[in-house]
Amino acid sequence: MGKGYGSALVVASSSKQVRVAVVDDHESVRLGLEAAFTHAGFDVLLTAASVPEFVELLDGREADVVVLDLSLGDGSSVTENVKAVQATGSAVLVHSIADRVASVREALAAGAAGVIPKSSATSTVIAAAETVARGEVLNNLEWASAIDADRDFAKAQLGRREREILHLYASGLPLKLAAQQLGIGYSTAREYLDRIRAKYVEVGRPAPTKVDLLRRAVEDGILPGLDADGDESA
C-alpha cells in the first residue's frame, strides 16, 4: 500500500485537511487505508467493520468522505449502507472489486459519488477521496464501465434538445446561459429540465438536484468521454 504516497501528499496538503473514515470488514484493508490516508495528511476519524459501527464511533462528528466497501458480510444491503453513511453528512466513495457490477450500479443509484476498484494504486484512491470530499462526482472509467456492462440499467430516453440542455447544465453552466447558448428562451429551457427530471423519475433514477443531474449525465454517457457513441443516439 505504500506506493504513490509522495504525490498523494501534495494533493492532500494543497487544501484544508480532509476528514476521512474507512468502512470495510477486512482488517488488513482498514489498516492499510488508515496508514495511507494518515501518511498523505488526511484526518482519519475512524475505521469500522460495518456501517452501524461507523455511526456509533462517529458519535456526532462529520467526515468529509467515507471509503465504503460494497460487501460488508453482515447481511446489510448496498442501498441502506450508502444512505446511512450519507445521513451522517458524508460523501460516499465506493471501494470495491470491479466485477460486482450490479452492486456498483446500486451504490451509484443510491447516491454514491464514485467508484474506485480495490486494485487501484494507493495514490489513486487518495486522489479520488479528495475529489469526492470536495463535493465533486468522480468521473472515471469504473463508473462508466459498471453502467455499460449492466443490461438492466435503464437509461432515460432523452431527446436531442433535452440531452443538450442536460449536457450544458450538468457541466456547470447556469440554466439561463445554457438557454442562450442554444438559442432558446429561459422558460423553454426550464420546461426541458422539468421533462428531464420527470423522465429520470420514470426509470427509477430521480434527480432532484443539480449534482444528481450530473450523476445521471455521467451514468448515461451524456458528458464527454464516457460514451463515445452516445451523442447522436437520441
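Among G185, G225, which is at pLDDT below 80 and surrounded by fewer than 16 Cβ atoms within 10 Å (Cβ to Cβ)? Full working, then the answer.
Values: G185 fails: at pLDDT below 80.
When all the criteria are applied, what remains is G225.
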>> Cβ-Cβ under 6 Å, sequence separation 6+ or interchain: first residue in segment 75-92 and farther than 17 Å from E62 by Cβ, partner exposed (fewer than 14 other Cβ atoms within 10 Å of the Cβ) and not hydroxyl-bearing (S, T, Y). Which pairs?
In response: none
>> Condition first: closer than 27 Å to L138 by Cα and not hydroxyl-bearing (S, T, Y). Now tell me which residues in segment 167-188 satisfy that.
In response: H167, L168, A170, G172, L173, P174, L175, K176, L177, A178, A179, Q181
> Is there any pair linking a residue in segment 162-187 that is within 18 Å of A217 (Cα to Cα) to one that is outside any helix (DSSP H, G or I), with Cβ under 6 Å and at least six apart or on different chains, and which?
Replying inline: R163/I222; R163/A234; L166/I222; H167/I222
>> I need the full set of residues from segment 188-204 which are under 14 Å from A217 (Cα atoms) and among the hydroxyl-bearing types (S, T, Y), in order please.
In response: Y200
> Which residue pairs have Cβ atoms under 7 Å apart, sit 6 or more places apart or on different chains, and have a first residue in segment 38-67 that is under 16 Å from N81 (Cα atoms) and a second that is of a type in the set (D, E, K, R)?
Replying inline: T47/R30; T47/E34; A49/D25; S50/D25; S50/D74; A63/R19
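Within segment 208-221, take every residue that is of a type in the set (A, V, I, L, M, F, W, C) and modelled with pLDDT under 85 and give me the one that is surrounded by the most Cβ atoms within 10 Å (Cβ to Cβ).
V218
Which of the residues that make up segment 139-161 are under 15 Å from E219 (Cβ atoms) and either at pLDDT 90 or above or open to solvent by 30 Å² or more (accessible area, probe 1.4 Å) (or both)?
Initially, segment 139-161 is screened for residues under 15 Å from E219 (Cβ atoms), giving 139-158.
N139, L141, E142, S145, D148, A149, R151, D152, A154, K155, Q157, listed by residue number.
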> Is segment 74-84 home to any residue that is under 18 Å from T47 (Cβ atoms) and of a type in the set (K, R)?
Replying inline: no
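The values are calculated or read from the model by the stated rules, or taken from the named source; none is laboratory data. This is a predicted model, so every value here is computed, not measured. Note that each Cβ is placed from the backbone with ideal geometry, even for glycine, and that neighbours are counted across all protein chains shown. The protein model used for the area step is the full one, side chains on, heavy atoms only, and it has no ligands, DNA or RNA in it. Shrake-Rupley method; radii C 1.70, N 1.55, O 1.52, S 1.80 Å.
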